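These notes are about the structure you will find just below.
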Amino acid sequence: MLALISREARWAASGSELFYRSSEALVSVPVRTDGDFERGDAESLFDDQYYLGRGARAYDVSADGQQFLMVKELENAPASERIIIVENWFTELERLGSAQ
């Protein structure tokens, strides 16, 4: 049985599967919601050092439920392997566009 502490729950787009984080594992549970709610057995999809959200979900699932976007924590990663996140990019784009 997988750990009872779970976080970052996310429904699959189909509504037939629930994903969540349990310790460092990403877990999938098949569910049936027509009629009485039923759940299948939880299955650990993968277990690795991925970033755990601090109050927010730190992963996403593709519409078909087959691909995941997660942030992998790498110690001492070279700059070429880092991701730069730009917030408020639309404001920056407008600023750059008006400078021409």
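Report, by residue number, each residue of segment 67-96 that is modelled with pLDDT under 70, of a type outside the set (A, V, I, L, M) and not in a loop (DSSP other than H, G, I, E, B).
Correct list: SER80, GLU81.
Out of (1) loosely packed, with under 12 Cβ neighbours inside 10 Å; (2) under 11 Å from the mean Cα position of the chain (by Cα); (3) part of a strand (DSSP E or B), the odd one out for PHE46 is which?
(2)
Quick test for you: out of ASP41, ASP64, ASP34, pick the one residue that is modelled with pLDDT of 90 or more and part of a loop (DSSP other than H, G, I, E, B).
ASP41
Only one of these is modelled with pLDDT under 85, in a loop (DSSP other than H, G, I, E, B) and surrounded by 11 or more Cβ atoms within 10 Å (Cβ to Cβ): GLY15, GLY53. Name it.
Exactly one of GLY15, GLY53 is modelled with pLDDT under 85, in a loop (DSSP other than H, G, I, E, B) and surrounded by 11 or more Cβ atoms within 10 Å (Cβ to Cβ), namely GLY53.
The values are calculated or read from the model by the stated rules, or taken from the named source; none is laboratory data. If you're wondering where the values come from, they're calculated on a predicted model, not measured in any experiment. Virtual Cβ from ideal backbone geometry, glycine too; neighbours counted across all protein chains shown.
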